[in-house]
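What follows is one structure encoded as C-alpha cells, with my remarks underneath.
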2 protein chains.
Amino acid sequence: MSSPTPARRRPTHRKGRATLTRESVGRAALEFLGRSGPAELTMRSLAADLGVSPRALYNYVEDRRDLITVAAEIFESGWRPPELDPARWRDALRAFCRDLRAHHRRHPGMTALALSENITMARHPVMLRNVDALIGFFAAVGLPLQDAYRACMETIRLVVGFVELQDTVHDRPPAHLNPGDLERMPPPWLSADADADADLPYLSRIGELEPDAPDTLFEFSLDVLVEGIAARAGRDGSS
Amino acid sequence: MSSPTPARRRPTHRKGRATLTRESVGRAALEFLGRSGPAELTMRSLAADLGVSPRALYNYVEDRRDLITVAAEIFESGWRPPELDPARWRDALRAFCRDLRAHHRRHPGMTALALSENITMARHPVMLRNVDALIGFFAAVGLPLQDAYRACMETIRLVVGFVELQDTVHDRPPAHLNPGDLERMPPPWLSADADADADLPYLSRIGELEPDAPDTLFEFSLDVLVEGIAARAGRDGSS
DNA sequence: ACCTGAACACCGTTCAAGT
DNA sequence: ACCTGAACACCGTTCAAGT
C-alpha cells in the first residue's frame, strides 16, 4: 500500500543540498555532539556544518533550546534496551545498565546540555516505554509498585550520573592534566607535599595500587545497585 | 603572638570598597551561584556585582575557567562532614550523604559549571581529608581497601548525581512547565493521548499515586546504597 | 599597582531584503 | 517558501591609557 508520488510535495533538494527539516537539523546537532563537545555546538557552527547561514536554522527550530530539545528527543528514541528477563534479573539489570551507559557515551554532553538548558528528558514515547518496561521488571522481581518506580529512577540516575561524572572527564580529559593523573589517588600535585600525604593514610596506600579502570568502577556500582535492590526485594532471584 | 601592623602592607581598601583578592573574587562567584544559576554567572555580571569593571577581575584570575576553579576550591573547603562512626555505620553513612547533598544544594550549578569547564574537583586538601576519612570508614566497616575506595567514590557520585539530576530541576523548575508537572508520571502531555497510556501500564498506575517528594527518592537511594554496601561487606553492623 | 574605556572576536537572535 | 547579509545585544578577553 505504498502511495505513489503525490501531486505536490515539499521539494527535497535545494541548491544541491537536501532541504532541512526539524528532524534533520536535530539529527545533525546530535551527530555534532558525537564528534565535538557540547561547548562547540553553537547555532553558527552547526549552520556552517550544514552549509547554510545561521538564520536558516530558525526556520525549523525556535531557538537554541528548541534545537537541543529536538536532539534530545532523537537521542532518546535511538536506544532500544536489551531484554529484561526477571528470571535472571541480576544479569539482565547489569546488561541493561551497560547498554544504557554505552548509549550515553556515544553522545557526550547530551545530558549536560539538556540539564544546562533545563530540558525535561524522558518525554519521548520510546523512552517512556523503556521506563515502563523497567518498572515492570522490578515489579516482577518482587518490589511493590512504588519501590519499582523508585528503583527504576535510581537505576537510570546511577548510569547517567556515572557517565556525566566519571566517563566524560575520562573520555575527554582536560588539556592541562597529564594523561593518567586522573585516576591516580592521591592526586600527584598533592603528593609533592609530604605533610599532606601524612594526613591521608588511606589515599596514600591506594596510590600504591593499580588505579581502577572506569569499567571496574562501573561494575562495582552495579554490584552495589543489584545487591541493594535484592535486599529491598527480600529475595535473591535465580542467577 | 599576633604580629603588629607591618611596615608596609597591601592596601585593604580602594575607593571605599575592599580591594579584591583572588579569594574574594572566587568567594563572590560562589555566592553569586547561591543566588542565581550558572548561566547568569558571567565575568561581566560578577564585575557589576562587585562594582568594578570586567577588566579588574583579570588582575586576580586568569580567565573564567580559573575563576570557577577558585570558586570550586572554596566550595570544597567549605564543608565539614558529620562524624563517621563505624559502630553505627548505616546511620552515619546516611547522615554523611544528607549533609553532602545539602551542601551541594546551597550552591546550585557549581558541579555543572566545574564539569562544563573540565575542572577536576576533590583537589582541595580539606576535601581530600574528607575523602580519606570516608575510605577509612568503609575499611572499618569491613571492606577491603580497594573496595573501600570504590564505595567512597560511589557514595559521592550518588549524592552529587542526585543533586544534579534530581534536585536542580526541582529547585529551579523550567519556566515552561506547570509546577507539579515534574513529578507526575506519566507526564501529562502524554496522558492526553489515550493510546500511549495504554502502552504504559505501570506508569499509568503510578500516575494515580501520590508523587514522591525528592527527599523520599533520596532516602530510597540511600537504602539501596547502604544495603548494597552491607552485602559487599558481608556483615550488617550494629545499627 | 590597580583601575577604566574602547576594542576585538565570538555568540544567539532578528530585520529587511533577495530568489 | 526559504534563503542571505547586515545588524543588535550580549559574552570573554585584550590593549592602551589613566590615577
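The values are calculated or read from the model by the stated rules, or taken from the named source; none is laboratory data. None of the values given here were measured: they were computed from a predicted structure. Glycine also receives a Cβ, built like all others from the backbone with ideal geometry; neighbour counts cover every protein chain displayed. SASA here: full protein model, heavy atoms, side chains in, ligands and nucleic acids out. Shrake-Rupley method; radii C 1.70, N 1.55, O 1.52, S 1.80 Å.
Among A:23-31, A:35-43, A:70-78, how do they line up by average Cβ neighbours within 10 Å per residue, starting with the highest?
So the order, starting with the most tightly packed, is A:70-78, A:23-31, A:35-43.
I want to make sure I understand the PRE zone here: with the label point 7 angstrom from the Cα of B:Leu145 toward its beta carbon, which residues in the range A:204-219 have backbone N atoms less than 13 Å away?
A:204-211
Relative contact order, percent, of the range B:60-134 when contacts are C-alpha pairs under 8 Å separated by at least 6 residues?
Once divided by the residue count of the range B:60-134, the mean separation gives 42 percent.
Applying the Karplus parametrisation 6.51 cos²θ - 1.76 cosθ + 1.60 with θ = phi - 60° to the phi angles of the range B:200-217, what ³J(HN,Hα) value in whole Hz is obtained for each residue in order, glycine and proline being reported as x?
Whole-Hz 3J(HN,Hα) from phi for the range B:200-217: 10, x, 6, 4, 4, 5, 5, x, 7, 8, 5, x, 5, 6, x, 4, 5, 4.
Suppose a student asked you for the relative contact order of the range A:17-76, using Cα pairs under 8 Å spaced at least 6 residues apart; what percent would you report?
RCO, the range A:17-76: 47 percent.
To the nearest 20 Debye, how big is the dipole of the range B:16-160 about its Cα centre, given +1 on the beta carbon of each Lys and Arg and -1 on that of each Asp and Glu?
So the dipole magnitude of the range B:16-160 works out to roughly 280 debye.
With charges set only on the Cβ (+1 for Lys and Arg, -1 for Asp and Glu), what does the dipole of the range B:88-136 come to about its Cα centre, in debye to the nearest 20?
In total the dipole reaches around 260 debye.
Return the average number of partner chain Cβ atoms within 10 angstrom of each residue Cβ along peptide A:157-169.
Counting Cβ atoms of other protein chains within 10 Å of each residue's Cβ and averaging gives 5.
Give me the accessible area buried between chains A and B, both sides summed, with a 1.4 Å probe, in Å² rounded to the nearest 100.
5600 Å²
Using the Cα atoms of the range A:111-167, I'd like the radius of gyration and the largest Cα-Cα distance, Dmax, both in angstrom.
Using the Cα atoms of the range A:111-167, the pair Rg, Dmax is 12.7, 37 Å.
Hey, what's the Cα Rg ratio for the range A:17-76 versus the globular rule of thumb, 2.2 N^0.38 Å?
Here the Cα radius of gyration is 0.97 times the empirical estimate.
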